[in-house]
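**Q** The structure follows.
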Amino acid sequence: YFSAVSSWPGLALSVATASGPLYDVDTRLRPGGAKGMLVVSLEAFEDYQRNHAWTWEHMALCRARPVFGSAESRDRVSAMIDGILRMPRDTAKLVADAATMRGEMERHKPPLSALDVKLGPGGLVDLEFATHVLQLTTHVGLNPRLEVALEALANDHLVEANVVDALKLLSRMLVMMRLVAPADVKPTPETWQLVADACGAASWNELLAEHDAARHSIAALWNRIKQGT
(Lines give C-alpha, C1' and ligand atoms only; values in the text may rest on other atoms or scores of the structure.)
Protein backbone atom coordinates (compact mmCIF):
# COMPACT_ATOMS: atom_id res chain seq x y z
CA TYR A 1 0.00 0.00 0.00
CA PHE A 2 1.07 3.53 -0.75
CA SER A 3 -0.26 7.00 0.02
CA ALA A 4 0.67 10.18 -1.86
CA VAL A 5 0.25 12.45 1.13
CA SER A 6 -0.18 10.50 4.31
CA SER A 7 -0.77 7.14 5.92
CA TRP A 8 -1.37 6.08 9.50
CA PRO A 9 1.94 7.62 10.71
CA GLY A 10 0.48 10.99 9.69
CA LEU A 11 -1.85 10.82 12.66
CA ALA A 12 1.00 10.04 15.05
CA LEU A 13 3.11 12.89 13.68
CA SER A 14 0.34 15.37 14.45
CA VAL A 15 -0.29 14.26 18.03
CA ALA A 16 0.30 17.09 20.49
CA THR A 17 3.17 16.50 22.92
CA ALA A 18 4.85 18.60 25.58
CA SER A 19 7.15 19.91 22.85
CA GLY A 20 4.37 20.27 20.28
CA PRO A 21 3.63 18.13 17.20
CA LEU A 22 6.49 16.92 15.02
CA TYR A 23 4.67 17.85 11.80
CA ASP A 24 1.30 19.35 10.96
CA VAL A 25 -0.27 16.74 8.70
CA ASP A 26 -3.73 17.37 7.24
CA THR A 27 -5.10 14.06 5.96
CA ARG A 28 -7.91 15.91 4.20
CA LEU A 29 -5.40 16.91 1.53
CA ARG A 30 -5.63 13.44 0.01
CA PRO A 31 -7.46 12.88 -3.31
CA GLY A 32 -10.40 11.44 -1.37
CA GLY A 33 -10.43 14.25 1.15
CA ALA A 34 -11.73 13.20 4.55
CA LYS A 35 -13.41 10.11 3.13
CA GLY A 36 -12.12 6.56 3.00
CA MET A 37 -8.95 4.92 4.22
CA LEU A 38 -5.67 6.73 4.66
CA VAL A 39 -3.87 4.33 2.33
CA VAL A 40 -4.56 3.16 -1.22
CA SER A 41 -3.27 0.36 -3.38
CA LEU A 42 -0.52 1.08 -5.88
CA GLU A 43 -2.96 0.35 -8.70
CA ALA A 44 -5.49 2.88 -7.38
CA PHE A 45 -2.77 5.47 -6.81
CA GLU A 46 -1.41 5.08 -10.34
CA ASP A 47 -4.90 5.26 -11.87
CA TYR A 48 -5.62 8.47 -9.98
CA GLN A 49 -2.30 10.07 -10.91
CA ARG A 50 -2.60 9.17 -14.58
CA ASN A 51 -6.25 10.01 -15.10
CA HIS A 52 -7.49 12.42 -12.44
CA ALA A 53 -4.63 14.27 -10.72
CA TRP A 54 -4.35 18.04 -10.91
CA THR A 55 -1.23 19.85 -12.07
CA TRP A 56 -0.15 20.69 -8.51
CA GLU A 57 -0.33 17.00 -7.59
CA HIS A 58 2.10 16.09 -10.35
CA MET A 59 4.36 18.95 -9.29
CA ALA A 60 4.33 17.55 -5.76
CA LEU A 61 5.07 14.09 -7.17
CA CYS A 62 8.38 15.46 -8.48
CA ARG A 63 9.57 15.35 -4.86
CA ALA A 64 8.16 11.89 -4.07
CA ARG A 65 10.35 8.94 -3.20
CA PRO A 66 9.74 5.60 -1.49
CA VAL A 67 11.13 5.53 2.03
CA PHE A 68 10.04 2.15 3.37
CA GLY A 69 9.48 -1.37 2.08
CA SER A 70 11.38 -4.09 0.34
CA ALA A 71 13.86 -3.20 -2.40
CA GLU A 72 11.49 -4.72 -4.94
CA SER A 73 8.54 -2.65 -3.70
CA ARG A 74 10.55 0.56 -3.64
CA ASP A 75 11.85 -0.07 -7.16
CA ARG A 76 8.30 -0.66 -8.33
CA VAL A 77 7.09 2.59 -6.77
CA SER A 78 10.03 4.55 -8.19
CA ALA A 79 9.37 3.19 -11.68
CA MET A 80 5.68 4.03 -11.38
CA ILE A 81 6.41 7.60 -10.28
CA ASP A 82 8.94 8.05 -13.09
CA GLY A 83 6.40 6.84 -15.64
CA ILE A 84 3.78 9.28 -14.39
CA LEU A 85 6.21 12.21 -14.45
CA ARG A 86 7.16 11.37 -18.04
CA MET A 87 3.58 11.50 -19.31
CA PRO A 88 2.97 13.86 -22.28
CA ARG A 89 2.02 17.37 -21.16
CA ASP A 90 0.07 20.32 -22.47
CA THR A 91 2.85 22.80 -21.73
CA ALA A 92 0.71 25.93 -21.98
CA LYS A 93 -1.90 24.52 -19.58
CA LEU A 94 0.72 23.29 -17.13
CA VAL A 95 2.44 26.67 -17.04
CA ALA A 96 -0.88 28.49 -16.64
CA ASP A 97 -1.95 26.18 -13.82
CA ALA A 98 1.38 26.63 -12.03
CA ALA A 99 1.26 30.42 -12.37
CA THR A 100 -2.32 30.52 -11.06
CA MET A 101 -1.42 28.33 -8.11
CA ARG A 102 1.62 30.47 -7.25
CA GLY A 103 -0.58 33.56 -7.38
CA GLU A 104 -3.00 31.95 -4.91
CA MET A 105 -0.11 31.16 -2.58
CA GLU A 106 1.04 34.79 -2.71
CA ARG A 107 -2.44 35.98 -1.76
CA HIS A 108 -3.00 33.53 1.07
CA LYS A 109 0.56 33.26 2.39
CA PRO A 110 2.49 36.46 1.62
CA PRO A 111 6.16 36.87 2.58
CA LEU A 112 6.81 37.94 6.15
CA SER A 113 9.52 40.43 5.22
CA ALA A 114 11.89 41.48 2.45
CA LEU A 115 14.26 38.79 3.75
CA ASP A 116 11.71 35.98 3.49
CA VAL A 117 13.87 33.83 1.23
CA LYS A 118 11.20 31.16 0.97
CA LEU A 119 7.96 32.97 0.13
CA GLY A 120 9.20 36.26 -1.28
CA PRO A 121 9.59 37.06 -5.01
CA GLY A 122 12.56 35.19 -6.40
CA GLY A 123 12.60 32.97 -3.34
CA LEU A 124 12.76 29.23 -2.84
CA VAL A 125 9.08 28.63 -3.59
CA ASP A 126 9.43 30.38 -6.97
CA LEU A 127 12.46 28.19 -7.64
CA GLU A 128 10.57 25.03 -6.74
CA PHE A 129 7.71 25.98 -9.06
CA ALA A 130 10.11 26.75 -11.90
CA THR A 131 12.00 23.50 -11.39
CA HIS A 132 8.89 21.33 -11.30
CA VAL A 133 7.45 22.94 -14.44
CA LEU A 134 10.70 22.25 -16.28
CA GLN A 135 10.88 18.69 -14.95
CA LEU A 136 7.36 17.90 -16.13
CA THR A 137 7.68 19.55 -19.54
CA THR A 138 11.22 18.44 -20.46
CA HIS A 139 11.57 15.24 -18.37
CA VAL A 140 15.06 16.38 -17.46
CA GLY A 141 16.32 16.22 -13.88
CA LEU A 142 13.61 13.94 -12.54
CA ASN A 143 15.17 13.64 -9.10
CA PRO A 144 13.39 14.42 -5.81
CA ARG A 145 16.39 16.38 -4.55
CA LEU A 146 16.04 19.93 -5.82
CA GLU A 147 19.78 20.54 -6.04
CA VAL A 148 20.36 17.39 -8.12
CA ALA A 149 17.42 18.26 -10.37
CA LEU A 150 18.70 21.80 -10.95
CA GLU A 151 22.20 20.59 -11.75
CA ALA A 152 20.77 18.28 -14.42
CA LEU A 153 18.66 21.13 -15.83
CA ALA A 154 21.73 23.38 -15.88
CA ASN A 155 23.76 20.72 -17.69
CA ASP A 156 21.07 20.71 -20.39
CA HIS A 157 21.16 24.53 -20.49
CA LEU A 158 17.54 24.76 -19.30
CA VAL A 159 18.52 26.97 -16.35
CA GLU A 160 21.50 29.21 -15.75
CA ALA A 161 24.29 27.76 -13.62
CA ASN A 162 23.94 30.62 -11.14
CA VAL A 163 20.47 29.35 -10.24
CA VAL A 164 22.07 26.29 -8.63
CA ASP A 165 24.25 28.60 -6.55
CA ALA A 166 21.17 30.67 -5.69
CA LEU A 167 19.45 27.58 -4.27
CA LYS A 168 22.45 26.76 -2.08
CA LEU A 169 22.77 30.31 -0.75
CA LEU A 170 19.08 30.86 0.01
CA SER A 171 18.79 27.42 1.62
CA ARG A 172 21.68 28.26 3.97
CA MET A 173 20.11 31.62 4.79
CA LEU A 174 16.75 30.01 5.50
CA VAL A 175 18.23 27.50 7.93
CA MET A 176 20.45 30.03 9.68
CA MET A 177 17.71 32.62 10.08
CA ARG A 178 15.40 30.04 11.61
CA LEU A 179 18.12 29.00 14.03
CA VAL A 180 19.33 32.39 15.22
CA ALA A 181 16.26 34.60 14.73
CA PRO A 182 13.10 32.46 14.87
CA ALA A 183 9.62 34.00 15.00
CA ASP A 184 9.76 37.45 16.64
CA VAL A 185 13.32 37.27 17.94
CA LYS A 186 15.11 40.53 17.08
CA PRO A 187 18.53 39.87 15.52
CA THR A 188 21.61 41.68 16.82
CA PRO A 189 24.62 42.85 14.77
CA GLU A 190 26.47 39.78 16.01
CA THR A 191 23.62 37.61 14.72
CA TRP A 192 23.84 39.13 11.26
CA GLN A 193 27.58 38.48 11.16
CA LEU A 194 27.04 34.90 12.29
CA VAL A 195 24.60 34.37 9.43
CA ALA A 196 27.05 35.94 6.98
CA ASP A 197 29.89 33.72 8.19
CA ALA A 198 27.77 30.57 7.86
CA CYS A 199 26.81 31.57 4.31
CA GLY A 200 30.41 32.22 3.25
CA ALA A 201 30.19 36.02 3.10
CA ALA A 202 32.68 38.42 4.67
CA SER A 203 29.98 40.70 6.03
CA TRP A 204 26.23 41.09 6.32
CA ASN A 205 26.22 43.72 3.56
CA GLU A 206 28.12 41.37 1.28
CA LEU A 207 25.61 38.62 2.03
CA LEU A 208 22.73 40.98 1.26
CA ALA A 209 24.25 41.72 -2.14
CA GLU A 210 24.63 38.00 -2.86
CA HIS A 211 21.06 37.44 -1.62
CA ASP A 212 19.71 40.11 -3.98
CA ALA A 213 21.59 38.63 -6.94
CA ALA A 214 20.35 35.13 -6.12
CA ARG A 215 16.73 36.20 -5.94
CA HIS A 216 17.08 38.21 -9.13
CA SER A 217 18.30 35.12 -11.00
CA ILE A 218 15.42 33.00 -9.66
CA ALA A 219 12.83 35.68 -10.45
CA ALA A 220 14.17 35.94 -14.00
CA LEU A 221 13.87 32.16 -14.45
CA TRP A 222 10.33 32.00 -13.08
CA ASN A 223 9.21 34.99 -15.17
CA ARG A 224 10.71 33.42 -18.30
CA ILE A 225 8.81 30.20 -17.65
CA LYS A 226 5.53 32.02 -16.99
CA GLN A 227 5.95 33.94 -20.23
CA GLY A 228 6.70 30.78 -22.17
CA THR A 229 10.07 32.01 -23.44
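**Q** Let's see if you can work this out: charge +1 on each Lys and Arg Cβ, -1 on each Asp and Glu Cβ, no other charges. What is the dipole magnitude of the chain about its Cα centre, in debye to the nearest 20?
**A** 500 debye
**Q** Given the rule -39500 (n - 2.57) for each run of at least 4 DSSP H residues, summed and divided by the residues of the chain, what is its mean residue ellipticity at 222 nm, to the nearest 500 deg cm²/dmol?
**A** Calculated at 222 nm, the ellipticity per residue is -19000 deg cm²/dmol.
**Q** Can you bin the stretch 91-201 into rounded, prolate or oblate? Criterion: square roots of the alpha carbon gyration tensor eigenvalues sorted a ≥ b ≥ c, rounded for a/c under 1.5, prolate for a/b above b/c, oblate for the rest.
**A** Since a/c reaches 1.5 but b/c is at least a/b, the shape of the stretch 91-201 is classed as oblate.
**Q** Place +1 on the Cβ of every Lys and Arg and -1 on the Cβ of every Asp and Glu in the stretch 99-229, take the dipole about the Cα centre, and give the residue among 162, 105, 125 whose Cα lies farthest towards its positive end.
**A** Highest projection toward the positive end goes to 105.
**Q** Run the reach check for residue 93 against aspartates and glutamates, Cα to Cα strictly under 15 Å, same-chain hits fewer than 8 apart removed. What comes back?
**A** The qualifying aspartates and glutamates are 57.
**Q** Another question, then. Can you work out the base-10 log of I(q)/I(0) for the stretch 78-144 at q = 0.24, 0.29 1/Å, using the Debye formula on its C-alpha atoms alone?
**A** -1.02, -1.21
**Q** Please report, in whole Å³, the volume per residue of the convex hull around the C-alpha atoms of the stretch 40-82.
**A** Expressed per residue, the convex hull around the Cα atoms of the stretch 40-82 is 71 Å³.
**Q** Another question, if that's okay. What shape does the chain have by the C-alpha gyration tensor, where a ≥ b ≥ c are the square roots of the eigenvalues, rounded means a/c under 1.5, and otherwise prolate means a/b greater than b/c and oblate the rest?
**A** Since a/c reaches 1.5 but b/c is at least a/b, the shape of the chain is classed as oblate.
**Q** Let me ask something additional. For the chain, what is the accessible area per residue in Å² when the probe is 1.4 Å?
**A** 59 Å²
**Q** Could you size up the charge dipole of the stretch 33-142 around its Cα centre, putting +1 on the beta carbon of Lys and Arg and -1 on that of Asp and Glu, and report it in debye to the nearest 20?
**A** I would put it at about 100 debye.
**Q** For the stretch 168-179, in order, what is each residue's ³J(HN,Hα) by Karplus, 6.51 cos²θ - 1.76 cosθ + 1.60 with θ = phi - 60°, in whole Hz (x at glycine and Pro)?
**A** Couplings: 4, 5, 5, 5, 5, 4, 4, 5, 5, 5, 6, 7 Hz.
**Q** Considering only protein heavy atoms, what is the solvent-accessible area of residue 211 at a probe of 1.4 Å, reported in Å² to the nearest 10?
**A** For residue 211, solvent-accessible area is about 10 Å².
**Q** If 186, 226 are ordered by their accessible area, calculated over protein heavy atoms with a 1.4 Å probe, which sequence runs from highest to lowest?
**A** So the residues, ranked largest to smallest area, are 186, 226.
**Q** Quote the relative contact order of the chain in percent (integer), defining contacts as alpha-carbon pairs under 8 Å separated by 6+ residues.
**A** Computed over the chain, the figure is 16 percent.
**Q** Which order do 169, 158 take by accessible area at a 1.4 Å probe, largest first?
**A** Accessible-area ranking of 169, 158, largest first: 158, 169.
**Q** If you put +1 on each Lys and Arg Cβ and -1 on each Asp and Glu Cβ, how big is the dipole of the stretch 115-229 around its Cα centre, in Debye rounded to 20?
**A** Charge dipole, the stretch 115-229, about its Cα centre: 280 debye, nearest 20.
**Q** Here's a follow-up. Go through 140, 174, 51 and say which Cα lies farthest out towards the positive end of the charge dipole of the chain; charges sit on Cβ, +1 for Lys and Arg, -1 for Asp and Glu.
**A** Value computed over the given set: 51.
**Q** Find which of 221, 198, 61 sits farthest along the positive direction of the dipole of the chain, computed with +1 on the beta-carbon of Lys and Arg, -1 on that of Asp and Glu, about the Cα centre.
**A** 61
**Q** Within the chain, what whole-number % of the accessible surface is contributed by carbon and sulfur, with the 1.4 Å probe and all protein chains included in the calculation?
**A** 57 percent
**Q** Please report, largest first and rounded to whole Å, the three semi-axes of the ellipsoid equivalent to the stretch 189-229, where each semi-axis is the square root of five times an eigenvalue of the C-alpha gyration tensor.
**A** Working through the eigenvalues yields semi-axes of 30, 7, 7 Å.
**Q** OK, next. When the Karplus curve 6.51 cos²θ - 1.76 cosθ + 1.60 is applied with θ = phi - 60°, which whole-Hz ³J(HN,Hα) does each residue of the stretch 127-136 get, with x for Gly and Pro?
**A** 5, 5, 4, 4, 5, 5, 4, 5, 4, 6
**Q** Mind listing the phi-derived Karplus ³J(HN,Hα) values for the stretch 207-222, rounded to whole Hz, using 6.51, -1.76 and 1.60 with θ = phi - 60°, and x for any glycine or proline?
**A** The phi angles translate into 5, 4, 5, 5, 4, 4, 5, 4, 5, 5, 5, 5, 4, 5, 5, 5 Hz.
**Q** How about residue 186: which lysines have a C-alpha closer than 26 Å to its C-alpha, ignoring those fewer than 8 places off in the same chain?
**A** Within reach: 109, 118, 168.
**Q** So how exposed is residue 102, as accessible area in Å² (1.4 Å probe, rounded to 10)?
**A** 10 Å²
**Q** To continue, here is another question. If I ignore ligands, DNA and RNA and count only protein heavy atoms, how much of residue 208 is accessible to a 1.4 Å probe, in Å² to the nearest 10?
**A** Approximately 50 Å² of residue 208 is accessible to the 1.4 Å probe.
The values are calculated or read from the model by the stated rules, or taken from the named source; none is laboratory data. Just so it is clear, the structure is predicted and the values come from calculations on it, not from any experiment. All Cβ positions, even for glycine, are placed from backbone atoms using ideal geometry, and neighbour counts span all protein chains on display. Ligands, DNA and RNA are excluded from the accessible area calculation, which covers all protein heavy atoms including side chains. Shrake-Rupley method; radii C 1.70, N 1.55, O 1.52, S 1.80 Å.
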